[in-house]
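J.: Structure below; questions to follow.
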């Protein structure tokens, strides 16, 4: 699973770089517009170690942000699954918060929380949270009629049991969504760092952009891609283990990967 | 007889058609794109005047003046053919040239770099780079203000550990709160706005100007591609002539009212009084003395900029600045 994730990323990355180089040599562009292979390689040698450390910093924030988002989405999803006034209020509030673009909210967040770790974490969680919430709400609002009917008729239905039944029946969807949300958490953290933080790979990309250094940006994208592929592969592996432990049989990750 | 009459009848028609065609050709307008370095504000007064008051049109050019910004790089656009002219600072030009970008400089708009550092006066005036010691200084890491400040610090013999460089953004809160002692501003735009705000709040501020201490890092300059210069030097001359006319008009104190009106059309958030103060500050940067020609290229300052970039590892080798600078007279 990990190996497949890695080589798929490498294929996409080198295809992208190949298109850029074809454009460079086709249109006779200088290294300033599109860096040549030698310059990319030299930059890679100079900056990879530093960028790895930056990406590790970003990933640490992204992971915590993702965990927070998952917890929050589960909480809101469970509360919002009800068709009551409170349920619809929770949904409306969640949707409205997400309606504001993060670039508009970021300055307020940075004024209130400063430009350190908490602000990065909050923005990462905010970007990651909404897609998770949509999935959790979708899953938790959908009754598993056959099973739930039995418990309702026998008067044994409790909200904890209802949540368990719905989560159990949709465990494949839940693990896929959680693994996918890693990308959003990482993207959210990078956006936060790009806008205003003083650390992380997003901050390094901002500096490279100020210096119009596309070679550095390409190296940063490579390091981000590799790290994210590994992290997603790890989450998918965890999802498989959870599924097989809960269902009691070895599971296959959804999406056909193995 | 009838045939002759027909020829006689058609002759004036042909003459008219050719005359209209010739006149149309003479009035033919060339369309060019001009990418600014930053947003349309007082720092671009001459550019906006040249466009709004018809200087470009009279030169037979239809110019689309596009605002710049951190993610818009005029030098890249020149090479990709998305723009014909642009504005860039010397460090951008030298960095691009070091990577083989075929760019040339045809005029230098600011003779004095507008970048300065604002500071609270309650700690006393800062008269020399030695006063920077033990201060927390705002810089934008990766941009030219970082290089300029590091040059000042090194020049004053201050140890790197004796100052704290603070990463700045467009939010001035750390400066207002006193967490940062010096904050980088463009003296003719932000310097006026923040200075006014703090003055109203009863706070005395001063400005630390690197050029007072020998650091002359060149700012906004007009650039085009070498290809444009070689293949269409006529358009280059027409464009630059009209542009500099616009700047001369804008910097003439007698035209202050019209210049402010033009700029206010693009910078609606700034009041008239602020714009007037900004115009006065801009005049000192574009034409610091009466014998300074608007648009003149300050070659020693360019050479110093290149040396500073070399010293700070921004470029690996000299880029032969002389080959990049092509003032109008040399290009004719």
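J.: Among the residues of the range A:117-137, is any out of contact with any helix residue (DSSP H, G or I) (no Cβ under 7 Å at 6 or more places or on another chain) and modelled with pLDDT under 80? Spell out how you get there, then give the answer.
T.: So in the range A:117-137, the residues out of contact with any helix residue (DSSP H, G or I) (no Cβ under 7 Å at 6 or more places or on another chain) come out as A:118, A:134.
Then keep just the ones that are modelled with pLDDT under 80; that gives A:134.
Taking every residue of the range A:117-137 in turn, at least one turns out to be out of contact with any helix residue (DSSP H, G or I) (no Cβ under 7 Å at 6 or more places or on another chain) and modelled with pLDDT under 80.
J.: Same structure, new question: Of B:103, B:49, which residue is away from chain A (no Cβ under 13 Å), touching a helix residue (DSSP H, G or I) at 6+ places or on another chain (Cβ under 6 Å) and under 21 Å from residue B:220 (Cβ atoms)?
T.: The unique qualifying residue is B:49.
J.: Name the single residue, out of those in the range B:169-178 being surrounded by 13 or more Cβ atoms within 10 Å (Cβ to Cβ) and more than 10 Å from chain A (Cβ to nearest Cβ), that is modelled with the lowest pLDDT.
T.: In this case the residue turns out to be B:172.
J.: Another one. Just one of B:205, B:260 is over 15 Å from residue B:114 (Cα atoms), in the same structural domain as residue B:51 (by TED's automatic domain parsing) and surrounded by 16 or more Cβ atoms within 10 Å (Cβ to Cβ); which is it?
T.: Values: B:205 fails: in the same structural domain as residue B:51 (by TED's automatic domain parsing).
Of the residues listed, the single one that is over 15 Å from residue B:114 (Cα atoms), in the same structural domain as residue B:51 (by TED's automatic domain parsing) and surrounded by 16 or more Cβ atoms within 10 Å (Cβ to Cβ) is B:260.
J.: Still on this structure, please answer the following. In the set B:299, B:262, B:222, B:218, which member is without any contact (Cβ under 8 Å) to a residue 40 or more places away in the chain, touching a helix residue (DSSP H, G or I) at 6+ places or on another chain (Cβ under 8 Å) and closer than 30 Å to residue B:83 by Cβ? Walk me through it before giving the result.
T.: Working: B:262 fails: without any contact (Cβ under 8 Å) to a residue 40 or more places away in the chain; B:222 fails: without any contact (Cβ under 8 Å) to a residue 40 or more places away in the chain; B:218 fails: without any contact (Cβ under 8 Å) to a residue 40 or more places away in the chain.
Answer to the check: B:299.
J.: While we're here: Which of (1) assigned to a helix (DSSP H, G or I); (2) in contact (Cβ under 8 Å) with a residue 12 or more places away in the chain; (3) surrounded by fewer than 21 Cβ atoms within 10 Å (Cβ to Cβ) does residue B:149 not meet, given it meets every other one?
T.: Here residue B:149 meets the rest and fails (3).
J.: Quick check on residue B:93: is it touching a residue at least 24 places away in the same chain (Cβ under 8 Å), buried (at least 23 other Cβ atoms within 10 Å of the Cβ) and over 17 Å from residue B:44 (Cβ atoms)?
T.: Details: touching a residue at least 24 places away in the same chain (Cβ under 8 Å): yes; buried (at least 23 other Cβ atoms within 10 Å of the Cβ): yes; over 17 Å from residue B:44 (Cβ atoms): yes.
So residue B:93 passes the test.
J.: I would also like to ask the following. Is it true that some residue in the range A:147-162 is assigned to a helix (DSSP H, G or I) and within 14 Å of another protein chain (Cβ to nearest Cβ)? Please lay out each step first, then the result.
T.: Within the range A:147-162, the subset assigned to a helix (DSSP H, G or I) is A:147-153, A:159-162.
Add one more test, that the residue is within 14 Å of another protein chain (Cβ to nearest Cβ), and what stays is none.
Looking through the range A:147-162, none of the residues is assigned to a helix (DSSP H, G or I) and within 14 Å of another protein chain (Cβ to nearest Cβ).
J.: Taking the residues in the range B:52-83 that are more than 14 Å from every other protein chain (Cβ to nearest Cβ) and closer than 27 Å to residue A:195 by Cβ as candidates, determine which candidate is surrounded by the most Cβ atoms within 10 Å (Cβ to Cβ).
T.: Taking the range B:52-83 as the starting set, the residues that turn out to be more than 14 Å from every other protein chain (Cβ to nearest Cβ) are B:52-67.
If we keep only those that are closer than 27 Å to residue A:195 by Cβ as well, we get B:66-67.
Values: B:66: 17, B:67: 14.
Here the residue is B:66.
J.: Still on this structure: Only one of B:6, B:16, B:10, B:78 is part of a helix (DSSP H, G or I) and either touching a strand residue (DSSP E or B) at 6+ places or on another chain (Cβ under 9 Å) or modelled with pLDDT of 85 or more (or both). Can you tell me which? Quick ask: steps written out before the conclusion?
T.: Details: B:6 fails: either touching a strand residue (DSSP E or B) at 6+ places or on another chain (Cβ under 9 Å) or modelled with pLDDT of 85 or more (or both); B:16 fails: either touching a strand residue (DSSP E or B) at 6+ places or on another chain (Cβ under 9 Å) or modelled with pLDDT of 85 or more (or both); B:10 fails: either touching a strand residue (DSSP E or B) at 6+ places or on another chain (Cβ under 9 Å) or modelled with pLDDT of 85 or more (or both).
It is B:78.
J.: Has the range B:305-327 got at least one residue that is in contact with a strand residue (DSSP E or B) (Cβ under 6 Å, 6 or more places away or on another chain), in a helix (DSSP H, G or I), modelled with pLDDT of 95 or more and buried (at least 19 other Cβ atoms within 10 Å of the Cβ)? Full working, then the answer.
T.: Going residue by residue through the range B:305-327, those that are in contact with a strand residue (DSSP E or B) (Cβ under 6 Å, 6 or more places away or on another chain) are B:324-326.
Applying the additional criterion that residues be in a helix (DSSP H, G or I) yields B:324.
Next, from what is left, pick out any that are modelled with pLDDT of 95 or more: none.
Checked the range B:305-327: no residue is in contact with a strand residue (DSSP E or B) (Cβ under 6 Å, 6 or more places away or on another chain), in a helix (DSSP H, G or I), modelled with pLDDT of 95 or more and buried (at least 19 other Cβ atoms within 10 Å of the Cβ).
J.: Specify the residue that is nearest to residue A:43 (Cα to Cα); the eligible residues are those in the range A:189-208 that are free of Cβ contacts under 8 Å to residues at least 40 places away in the same chain and at the interface with another protein chain (Cβ under 8 Å from one of its Cβ atoms).
T.: Only one residue tops the list, namely A:208.
J.: Just checking: which of the helices (runs of 4 or more DSSP H) contained wholly in the range A:35-124 hold 3 or more residues that are within 14 Å of chain B (Cβ to nearest Cβ)? If you could, list the steps in order and put the result at the bottom.
T.: Numbers: elements: A:37-80, A:85-99, A:102-113.
Counting at least 3 such residues, we get A:37-80, A:102-113.
J.: Within the range B:163-178, does at least one residue satisfy the condition of being in a loop (DSSP other than H, G, I, E, B), touching a residue at least 40 places away in the same chain (Cβ under 8 Å), out of contact with any helix residue (DSSP H, G or I) (no Cβ under 6 Å at 6 or more places or on another chain) and not assigned by TED's automatic domain parsing to the domain that holds residue B:314?
T.: Quick first cut of the range B:163-178, residues in a loop (DSSP other than H, G, I, E, B) only: B:163, B:168-172, B:177-178.
Applying the additional criterion that residues be touching a residue at least 40 places away in the same chain (Cβ under 8 Å) yields B:178.
Subset that is out of contact with any helix residue (DSSP H, G or I) (no Cβ under 6 Å at 6 or more places or on another chain): B:178.
Retained after the next criterion (residues that are not assigned by TED's automatic domain parsing to the domain that holds residue B:314): B:178.
For the range B:163-178, residues in a loop (DSSP other than H, G, I, E, B), touching a residue at least 40 places away in the same chain (Cβ under 8 Å), out of contact with any helix residue (DSSP H, G or I) (no Cβ under 6 Å at 6 or more places or on another chain) and not assigned by TED's automatic domain parsing to the domain that holds residue B:314: present.
J.: All but one of (1) within 14 Å of another protein chain (Cβ to nearest Cβ); (2) surrounded by 15 or more Cβ atoms within 10 Å (Cβ to Cβ) hold for residue B:108; which doesn't?
T.: Only one criterion is unmet by residue B:108, namely (1).
The values are calculated or read from the model by the stated rules, or taken from the named source; none is laboratory data. Computed from a prediction, not measured in an experiment: that's the story for all the values here. A quick note on method: Cβ atoms are made from the backbone with ideal geometry, for glycine too, and the neighbour counts reach across all protein chains shown.
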